[in-house]
Each structure stands twice: as C-alpha cells, then as structure tokens.
Amino acid sequence: MIVAAVVIVMAIATIVEKIHGTTFVSTKIYSTWWFTVIWAVLAIASIARIITSGMQKTLTVLMLHISFVVILAGALTTHLTSKKGYLHLRCSETARLYAEQSSNGDMRTATLPFSVMLNDFNIKNYEGTTTHSDYASHLTFSTDEGSTDETVSMNNIAVVEGYRFYQTSFDRDMKGSILTVTYDPYGTGITYIGYGLLIVSAVLLLILRTPRIKQLYRQLQAPSPLPHKGGEPESERKSPFKRDFGNLLLFFFILLSATSFAKTPVVAKEDAEKAERKLIVYNGRVCPLNTLAHDFCLKVTGKTSYKGLSAEQLLLSLPMAPEEWSEKQLLKIKNKALKERLGINSDLARIKDFYESDGRYKLDILLNEQMSKGEDEQDKKLVRSIYDVDEQISLVNAAVTGKLIEPYKGNNPPSETRISAEILYNQLPLTVVGAFMILTGILIIVIAEIIRKKGFAVKLGILLIISAFQLAVFILRWYISGNIPLSNGYETMAFVSLSTSLLTLSAIWMLRKQTFVCNTVTIGGLMIAGLTLLVAHLSEMSPQITSLMPVLHSPWLTTHVSLIMISYSLFAFMAVIAGVDLVKKDARLDALNRLMLYPAEIFLTIGIFLGAIWANQSWGTYWSWDPKEVWALISMLIYCVPLHVGSLPVMRKAKVHDIYLIIAFLSILMTYFGVNYLLGGMHSYAGN
C-alpha cells in the first residue's frame with residue numbers, strides 16, 4: 001500500500017507539473033513535509049521487512065534491501081542539510097556572495113567562505129561549425145590557504161572546501177557566466193554508499209543466484225509442458241507441437257494486426273554525383289552534401305528521389321529556375337483536411353498553391369483561423385500540419401536562395417572513408433531493411449517449423465544474420481557520427497531493437513531443448529525488434545545524425561542509456577510472453593518471465609542510479625524530480641512488486657502475474673514516450 005501511495009503521488013505530481021510548472025510542483029509536493037513522511041514510512045516499512053522476513057540468510061538480498069534504506073537516508077540528509085544556489089560572474093569580477101535557493105523556491109543572499117574570480121569564459125564549437133560542443137568558465141578561487149585556478153565546463157566541475165561549482169548558463173555577450181553552487185557535505189556521500197551497495201549486491205545476485213532463481217531455472221528446464229493449476233491434463237493434449245505452434249501463430253498475428261523536366265533546367269546526373277561528396281555544415285556537424293540532399297528530398301517530397309531525379313539533382317537544380325519550380329508538384333502533404341482546405345487534389349502540391357491571387361499566404365490565414373478559436377475547438381492535427389508544411393516551404397525557399405547549403409571551411413575534414421560510409425548509410429533504407437529482414441525471418445521460421453525441418457538451426461541462423469546486420473548498422477552510425485548512437489529517440493529505439501535481437505539469440509540457445517518456449521521467445525523477440533524498428537521509422541523521431549549536446553559528452557551516457565534500454569527490451573519481452581501464457585497456460589513461460597524479471601529490474605535500477613551520478617556531475621543534484629526521473633522510478637517500484645512473492649502470495653498465481661506484467665508495461669511506455677511527448681522536462685530532448 002505504501003509503494004502504491006508513493007507511485008500515485010509521483011504520477012499525479014508529473015501531471016501537475018505539466019499544468020502549473022516546475023516551481024509549483026517542487027514547493028507544493030516534492031519539498032513538503034508530508035511527501036518526506038511518505039518516503040520515511042516506506043523506509044521504516046523496509047527496515048521492518050528486513051528484520052522480520054529472514055532475508056539475513058541470503059547476503060545479496062539483504063545488501064540489496066539495505067542499500068535502498070541507505071539511499072533514502074542520504075536523500076533525507078541532502079534535503080535537510082544541503083545548500084544550492086547560483087553565482088553570476090562577469091569577466092575579471094571577484095565575488096563571495098551568491099543567490100541561495102531555499103526549499104520553498106525563494107532566493108536569498110549567502111556568503112562563500114572564499115572568493116571566486118572569472119578570468120575568462122569561452123564557448124567551444126565543433127570543428128568547422130557554429131554548433132556548441134562545450135561551455136567553459138576559467139576561474140580563480142582564493143582561499144585562506146592560497147589561490148587555485150580551475151576550469152568549469154559541462155560534466156567538469158570544481159570542488160573547493162566542499163562547495164561544488166557547475167557550468168549552468170552564460171551572458172549573451174560571452175563576458176559573463178552563471179554557475180550553480182551546491183554544498184552537501186553529508187548527503188551525497190551517504191547516497192553514494194547506498195548506490196555502491198546496490199550495484200554490488202545486484203551484480204552478485206545475478207552471478208551467484210538465489211535459491212528462488214535456481215528453482216525457477218529448474219522449472220524452466222522441465223522436459224515437458226507444465227500446465228498451470230486447472231489446465232488441460234497431459235493425456236488429453238492433441239498434436240503437441242502443431243496445436244501449440246498454431247495457437248502461438250494465431251496469437252502473434254492478432255498482435256500484429258497493426259513529371260517531364262524537358263523545359264526545366266536541371267543539374268546533370270554526373271555533376272550531381274560529383275557534388276555529393278562536397279563537405280558542408282549541416283545539423284551542427286560536417287558531412288557530405290549527400291546527407292543534406294537526402295534529408296531535404298525526404299522532408300519535402302516524402303521520398304529520397306523525385307520523378308527520376310536524384311536528391312542531389314533536385315537540391316542543386318532549384319536555384320536554377322525558381323519560377324518554373326514553383327509550378328512543379330513538389331511538396332508532400334499528409335493531412336487530408338489541410339489538402340481539402342487548400343483545394344489540392346493531387347498527392348504533391350505546388351509552391352503557388354499556398355498563395356492567394358493577391359499574394360497572401362494561405363497557411364497564415366488558416367493558422368490565424370485556428371488560433372482565434374478556443375483551445376478546445378482547435379484542430380490540433382491541422383495546426384501541426386500547417387507548421388510542418390510551412391517548414392517544407394521554408395526549406396524550398398532556402399534551397400532556392402542558396403542559403404540552405406553552408407560550405408565547410410575548416411582545416412580538419414572527415415576522412416574519405418567516413419564520407420563514403422555516410423553516403424552508403426544514406427543510400428540504404430537500413431531501418432526498413434532491418435524490419436523487412438525480421439518479418440521475412442518470422443515467415444521462414446514458421447515454414448521451417450511446419451515442415452519440421454531443422455527448426456532450431458533455422459532460428460539460430462536467422463537470428464545470427466539479423467543480429468549481425470543490426471550490430472553492423474549500429475557500428476556504422478557510431479563511426480559516422482563519432483559518438484555512440486544513444487543520444488536521441490530514434491537511436492535509442494534502434495538500440496532497443498538491437499538489444500532485443502541479441503537477447504533473443506542468447507535466450508533461444510539456453511532454451512534450445514524446449515521447442516514451444518523456444519518458438520515463443522524467437523517469434524516474440526523478433527516481433528518486438530521489428531515493431532520497434534517500424535516505430536522508429538514511421539513515427540516523428542528524426543533519423544538524422546546530429547552533434548551531441550554538450551551535456552551528453554560524458555562516459556556516463558553509454559552505461560546509463562544502454563542499461564535502461566536493455567531493461568526496456570526485457571520488459572517488452574515479458575509483456576509479450578505474459579500474453580502468450582494467458583492463452584497457453586504453460587508453467588515454463590511463467591518461470592521464464594519470473595526469471596527475466598530479475599535482470600530487467602536490476603538493469604533498470606542500476607541505470608537509474610548511474611544516471612543520478614551523472615546528473616550530479618552535470619547540473620549539481622543527483623535527483624531533481626524531473627518527469628523522466630520520476631516515471632523511471634515509478635516503473636522501478638511497479639516492477640518490484642512481483643519480485644516479492646513471499647509477502648504477496650497473490651503474485652504466485654500465474655494468471656495474476658501475467659496480467660500484472662502486461663499492465664505494468666504501460667509504465668515503461670509512459671516513461672519512454674509519454675514523458676518525451678506529453679510532459680517534457682530536462683530529458684525531453686530524447687524524443688527529438
């Protein structure tokens with residue numbers, strides 16, 4: 001009940017924050033005495049559980065539960081004893097006073113026990129571009145023991161006499177810097193001890209295995225199907241494999257039911273091919289013209305070519321005859337209502353279709369009509385489409401005037417190999433190819449099992465091919481960008497697909513002697529991998545390769561994001577298998593789900609708290625109640641429940657467990673998609 005109360009309060013708080021703002025929810029919920037009491041009661045209940053449950057017999061489980069109590073104790077200590085504020089410095093200015101923020105959000109003046117002087121502030125850009133890669137304040141700290149020079153930048157802090165300084169913002173004239181100042185002499189240390197206990201105990205739990213894990217593993221390895229209580233007797237089963245496989249397929253398929261240029265001057269194909277390797281600055285990075293042309297053509301026309309012209313030909317030909325191109329059906333409009341309002345009957349629209357005879361811009365007229373209505377009366381999809389089409393027209397206008405192409409003028413160009421790799425990456429619809437391979441793989445597996453020919457060898461071979469392909473694409477994108485591709489929504493979705501394929505490959509090897517369970521895992525895993533790729537391709541997530549935001553330049557990015565994405569893959573796995581188990585009632589599927597819950601929950605938990613350490617290194621607090629943090633914590637607490645079958649006997653029932661896992665997956669969807677697209681927050685860039 002206490003966990004449920006905490007979850008409900010936090011979920012409501014994120015919605016309140018969306019409506020009333022961060023300051024309101026911080027002062028009215030997160031900083032209140034009653035919210036602290038709820039967590040204190042949870043900690044006391046945890047201690048009581050540790051004492052009365054007999055978990056002392058299993059050291060790893062005991063350490064794991066103690067770690068959460070220590071973390072909560074650290075958080076309470078931070079809440080009661082820490083200080084946080086902001087220091088604004090101008091170049092050559094020395095200061096001791098800073099603005100300290102109280103628990104209710106008010107600001108008051110406080111004094112540092114030493115002075116700070118800003119010697120210089122500068123912004124580092126990616127080579128050859130104007131995109132920021134880092135912000136750096138060069139400071140001198142004068143204490144009683146002398147002076148020290150420090151540089152504070154993103155993910156690089158200065159610590160002086162217990163005070164920590166973080167780069168937060170800067171003045172527009174770049175002669176001033178704003179630093180976050182924190183002082184937490186006790187809470188952070190206690191919390192980090194809790195994190196250490198948690199990580200060590202969680203890893204040991206997976207390595208050493210508890211008696212419960214060993215029991216589930218033996219149950220999973222049972223040589224024949226084990227029905228749940230009340231299931232069909234073994235003697236009355238018909239056509240063991242064909243019936244099982246037929247029902248399995250039925251379940252999965254139900255789940256799946258989801259111009260002539262003769263008169264218009266154009267650039268010759270040969271010239272366009274030569275220009276595709278020309279280096280430009282685009283999306284804050286140096287890349288070949290081919291990348292810009294590919295994205296431009298796809299954004300404007302909906303395809304990577306236009307009526308026989310390559311993307312480069314289209315982009316380079318527009319400035320040659322702007323008037324003639326304005327007559328061409330060029331722009332892809334997806335919204336039918338917008339097409340009707342504009343009087344457009346074809347798939348593609350002309351630039352001139354968006355202007356009245358007197359020169360007025362039709363999109364402005366439509367947008368003003370919508371904005372004049374009440375919020376409830378507005379057609380949100382129509383408004384969004386107006387903005388999208390306006391962006392398409394702006395891109396065409398920029399291409400016509402030559403402003404879209406910014407030549408690279410740096411002295412450190414990418415290698416010819418990297419340029420070739422990026423052109424290859426652009427030319428192949430790798431996401432679509434991956435999804436097609438997965439769908440084809442499922443069909444081949446189905447045929448192989450029906451005709452009973454080398455079923456396991458086929459499954460293994462297909463998964464090896466798919467996993468190798470996805471891994472190669474992942475490495476190729478990593479090589480092109482120079483950064484591990486885990487920085488936005490598209491990349492993390494692709495990583496979920498890759499990790500699901502690899503997890504499926506590992507699982508079927510372990511379950512190779514369990515035909516039905518192996519088939520369930522294989523098809524379920526491939527479906528998740530394929531659907532994830534399709535979502536990444538068909539949704540509004542941008543597949544464009546961009547430069548990393550300064551805050552993402554951290555070694556924590558890889559471990560934090562990859563662990564959480566792997567946990568999401570496992571939770572998706574469990575939801576699908578739970579659905580199959582509700583139909584099939586096979587105890588081995590139930591055992592598999594209960595086994596997977598351990599690494600899934602551990603990966604999510606470790607990922608969350610490694611992210612907390614990263615946050616403390618980036619912006620001065622290991623927990624800020626950002627909506628993404630809150631919903632990740634909600635998911636962690638929700639998935640903790642079915643692990644406690646000793647204190648929750650109802651969770652021993654397979655049907656209850658299956659239904660719970662399916663419903664619980666909604667929290668993962670909310671954490672990943674809902675926060676990014678509905679609630680916002682510091683982590684919302686992940687959906688871009």
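Data overview
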| item | result |
| --- | --- |
| Peptides ranked, highest mean first, by Cβ atoms within 10 Å: ranges 352-361, 520-529 | 520-529, 352-361 |
| Tensor-based shape of the stretch 283-340 (alpha-carbon gyration tensor, a/c under 1.5 rounded, otherwise prolate or oblate) | oblate |
| Rh (Kirkwood; distinct C-alpha pairs) - the stretch 97-224, Å | 18.9 Å |
| Farthest toward positive dipole pole in the chain [+1 Lys/Arg, -1 Asp/Glu at C-beta], among Leu595, Ala73, Thr182 | Leu595 |
| In order through the stretch 18-35: 3J(HN,Hα) via Karplus (6.51 cos²θ - 1.76 cosθ + 1.60), integer Hz, x for Gly, Pro | 4, 7, 10, x, 5, 4, 4, 5, 5, 7, 8, 10, 5, 9, 7, 5, 5, 5 |
| Candidate lysines for bridging to Lys332, where Cα separation is under 21 Å - those fewer than 8 sequence places away on the same chain excluded | Lys299, Lys303, Lys307, Lys352, Lys362, Lys380, Lys381 |
| Accessible area of Thr130 in the full protein assembly, 1.4 Å probe (Å², nearest 10) | 100 Å² |
| Gap separating the Cα centres of the stretch 652-680 and the stretch 338-391, nearest whole Å | 37 Å |
| Whole-Hz couplings from phi, Karplus 6.51/-1.76/1.60, listed for the stretch 417-423; x for Gly and Pro | 5, 5, 4, 4, 5, 5, 5 |
| Set of aspartates and glutamates near Lys328 by C-alpha distance (under 13 Å), chain-local residues within fewer than 8 positions excluded | Asp347, Asp353 |
| Length-normalised contact order of the stretch 1-127 in % [C-alpha pairs under 8 Å, at least 6 apart] | 18 percent |
| With all protein chains modelled, accessible area of Ser142 [1.4 Å, Å²] | 40 Å² |
| Shape of the stretch 94-161, Cα gyration tensor, a/c cut at 1.5 | oblate |
| Two-site FRET efficiency, Asp364 against Lys303, from Cβ-Cβ distance with R₀ of 22 Å, rounded to 0.05 | 0.20 |
| Average accessible surface area per residue within the stretch 462-586, 1.4 Å rolling probe, Å² | 33 Å² |
| Ranked packing of 169-175, 663-669, most packed first, by mean Cβ within 10 Å | 663-669, 169-175 |
| Solvent exposure ordering (accessible area, 1.4 Å, most first) of Arg652, Arg96, Arg350 | Arg652, Arg96, Arg350 |
| Zero-based 5 Å bins, Cα pair distances in the stretch 1-114, whole percents | 2, 9, 14, 15, 15, 13, 11, 9, 6, 4, 2, 1, 0 |
| Separation of alpha-carbon centers, the stretch 134-182 and the stretch 37-58, rounded to whole Å | 42 Å |
| The stretch 56-138: C-alpha pair distances exceeding 23 Å, % | 57 percent |
| 5 angstrom amide H check on Ala349, placed H, neighbours 5+ away | Leu330, Leu331, Lys332, Ile333 |
| Reduced Cα scattering model of the stretch 392-476, Debye log10 I(q)/I(0), q = 0.15, 0.18, 0.23 Å⁻¹ | -0.76, -0.90, -1.08 |
| Prolate/oblate/rounded label for the stretch 343-500 (Cα gyration tensor, a/c 1.5) | oblate |
| Relative packing of 312-320, 289-297, which averages over residues the other C-beta atoms within 10 Å, highest first | 289-297, 312-320 |
| Charge dipole (debye, nearest 20) of the chain; +1 at Cβ of Lys and Arg, -1 at Cβ of Asp and Glu | 2880 debye |
| Förster radius 41 Å - calculated FRET efficiency between Val383 and Thr210 (Cβ-Cβ, nearest 0.05) | 0.15 |
| Top positive-direction residue, dipole computed over the stretch 310-387 with Cβ charges, set Gly374, Ser310, Tyr387 | Ser310 |
| Amide H contacts under 5 Å for Tyr355, placed H, 5+ residues apart | Lys362 |
| Accessible area of Tyr660 in the full protein assembly, 1.4 Å probe (Å², nearest 10) | 60 Å² |
| Net charge dipole size for the stretch 74-221 [Lys, Arg +1 and Asp, Glu -1 on Cβ; Debye, nearest 20] | 1100 debye |
| Phi to ³J(HN,Hα) by Karplus 6.51 cos²θ - 1.76 cosθ + 1.60 over the stretch 426-440, Hz, x for Gly, Pro | 5, 6, 9, x, 4, 5, 5, 4, x, 5, 5, 4, 5, 4, 4 |
| Kirkwood Rh in Å, taken over all unlike Cα pairs in the chain | 28.8 Å |
| Quotient of C-alpha Rg and 2.2 N^0.38 Å, computed over the stretch 337-404 | 1.19 |
| Largest to smallest accessible area among Thr532, Thr131 [probe 1.4 Å] | Thr131, Thr532 |
| 5 angstrom amide H check on Phe170, placed H, neighbours 5+ away | Ile178 |
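The values are calculated or read from the model by the stated rules, or taken from the named source; none is laboratory data. Model, not experiment: these values are computed from the prediction. No Cβ is skipped: glycine too gets one built from the backbone with ideal geometry, and neighbour counts run over all protein chains shown. Protein only, heavy atoms only, side chains kept; ligands, DNA and RNA dropped before computing areas. Shrake-Rupley method; radii C 1.70, N 1.55, O 1.52, S 1.80 Å.
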